[in-house]
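Following: one structure in structure tokens, then a few remarks.
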Amino acid sequence: MSSGQDNAPTPSVPRGGAAPGEWGGEWEVVIGVEVHVQPKTLTKMFCGCGVAPLNAPPNTHVCEVCLGLPGVLPVPNRAAVEACLKTALALNCEIPRHTKFDRKNYMYPDLPKGYQISQYDLPMSINGFLEVGTRKVRIRRVHLEEDTGKLIHAGDKLHRAWESFVDLNRAGVPLMEIVSEPDLRSADEARDYAMELRTLLRTIGASEADMEKGQLRAEPNISIRRAGADELGVKTELKNINSFRALHRAILYEVDRQRQVVESGGAVVQETRGWSEAEQRTFSQRSKEFAEDYRYFPEPDLPPLELDRAWVEELRAALPELPSVRRARLLEQLPATHVAIIGADRELADLYETAVARGAPPASTANWIVNEVAPSGKLLSPESLAELMKLMHDGSVTRDQAREAYLEAVETGRTPAEIVAEHGYAQVSDESELRVIAEAVIDANPQAATDYRAGKKQAMQALMADLRKRAPQANPRVASELLLRLLA
Ligand SMILES: [Zn+2]
């Protein structure tokens, strides 16, 4: 805390009166985020076990290595190391030549070995950054480690459980830990940072980064300090956050809680706090442990990793265009609101750019992707989208017809042109327009009209033939119904 705090003026916003986090002015919010990401691999970090799908029965993806049985040795997963290096490179990190794994020792029933293999003083990468809006967020490190198992308590809470079970399917699953410096200044920024990270990870193919599936977990650490102070306040770290929305809310809540603690003369305690989605609040879980508590030491079963420069440069050269670069390019053609959506998703951006390259009009295509594709999540091939956009652009189909054709094309795999032709969308179906033509047909064919009214049903063929000659674009079904009605 800054020494001038005692003399600071009383904050003008009444305690508890402001919405959480909206309060500002005298306090500055300081946030760093630790993100755990499951890299896209088929197998676990140090053994040949497959990475279990979410619904796999408990303890079906385990072996001697991840169960921590004696007499076995771990072997690092090359795909996980590669994903971690790609992530580090995309985050502008330095890649040291030497890196090693360490044991982080603690006892918990979901950790059968009694330690987690992680990285301590020589991580896979250091000193990067990620630009989020106008903020340059420094990345302290990106390292590799392994996940733990999961405890399942019978009863709704740990302290009320009458028995507990352990599922070790996740024990040993690779995790990348991406640690930012405390450079974020609001809940909005922290959420945007996590979302930008997700876009980046998906773009480079390092992870699917699906928060709902637990492939991306964000743990913000939060403190507040007097605006202008250099010293950092005491921070709390938040866990159990399962969505970007929850990340945002949890930070707003926690900032407000800390402010109230300090303003009422108390001190923030350094601790880990959980986020309760049901109660929309954070709660104390445990006092924060320090690095010394874990008795880190080099993993004796794994030799240090020498990261071959040629390999690192190969990975760097193979990185695709990064989201920030692509967004800048899209901004030259499209409004920022559209770029915010299209540029945040590699699939949408690919769809847009390829469709436009195939001749689709840019503005209406971007509009279509933002309003029709993004909300439904239904993707059509760029070729088909281009075809449909051209049909809509030249007035052959209405927007509603285009929407129907789009959905049908997604479902059946047929081309929009085929569907439009089959449904007669490209034809004139407007009744008032067709009525004028139908009346003209009856006037021009008095004999056929009289015959039809007298019961000669085949006279209709002559009338329809004349109508088709006059209006080849007429929708035959609508036109014949009109003729029938006029002759009735
Ligand atoms: Zn295993």
Review point. How about segment 154-170: which of its residues are modelled with pLDDT of 80 or more and either within 30 Å of the chain's Cα centre (by Cα) or among the basic types (Lys, Arg) (or both)?
Key: 166, 167, 168, 169, 170
Practice item. Could you tell me whether segment 264-273 includes any residue that is surrounded by 15 or more Cβ atoms within 10 Å (Cβ to Cβ) and out of contact with any Ser or Thr (no Cβ under 8 Å at 6 or more places or on another chain)? Key: no
Practice item. Quickly run through segment 63-95 and pick out the residues that are assigned to a loop (DSSP other than H, G, I, E, B) and more than 23 Å from the chain's Cα centre (by Cα). Key: 63, 68, 69, 70, 71, 72, 73, 74, 75, 76, 77, 95
Revision key, fill the gap. Among helices (runs of 4 or more DSSP H) entirely within segment 381-488, at least 3 residues that are assigned by TED's automatic domain parsing to the domain that holds residue 352, within 27 Å of residue 353 (Cα to Cα) and free of Cβ contacts under 8 Å to residues at least 40 places away in the same chain occur in 382-393, 399-412, 416-423
Check your understanding: Name the pairs: first residue in segment 57-82 and modelled with pLDDT of 95 or more, second residue near the ligand (Cβ under 9 Å from one of its atoms) and of a type in the set (S, T, N, Q), Cβ to Cβ under 8 Å, at least 6 apart or on different chains?
Key -> 77/43; 79/43
Check your understanding: In segment 133-145, how many are under 30 Å from residue 337 (Cα atoms) and either within 16 Å of the ligand (Cβ to nearest atom) or in a strand (DSSP E or B) (or both)?
Key -> 5
Review point. Only one residue in 231, 212, 237 is among the acidic types (Asp, Glu), more than 22 Å from residue 268 (Cβ to Cβ) and assigned by TED's automatic domain parsing to the domain that holds residue 51, so which one is that?
Key: 212
Practice item. Tally the residues that are of a type in the set (Asp, Glu), within 30 Å of residue 27 (Cα to Cα) and in contact with a strand residue (DSSP E or B) (Cβ under 9 Å, 6 or more places away or on another chain), restricting the search to segment 139-193. Key: 5
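Which of the residues belonging to segment 80-113 are among the aliphatic types (A, V, I, L, M) and surrounded by 16 or more Cβ atoms within 10 Å (Cβ to Cβ)? Before the answer, list the steps.
To start, the set of residues in segment 80-113 that are among the aliphatic types (A, V, I, L, M) comprises 80-81, 83, 85, 88-91, 95, 107, 111.
Passing the criteria: 80, 81, 83, 85, 88, 89, 90, 91, 95, 111.
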Check your understanding: With (1) within 13 Å of the ligand (Cβ to nearest atom); (2) under 20 Å from residue 307 (Cβ atoms) as the list, and residue 79 as the residue in question, which single condition is left unmet?
Key -> (1)
Check your understanding: Can you name the number of the only condition in (1) within 16 Å of the ligand (Cβ to nearest atom); (2) out of contact with any Lys or Arg (no Cβ under 8 Å at 6 or more places or on another chain); (3) modelled with pLDDT of 95 or more that residue 51 fails?
Key -> (2)
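The values are calculated or read from the model by the stated rules, or taken from the named source; none is laboratory data. Note that the coordinates shown come from a computational prediction; the quantities given were computed from them, not determined experimentally. Neighbour counts are summed over all protein chains in view; Cβ atoms, including those assigned to glycine, are modelled from backbone coordinates with ideal geometry.
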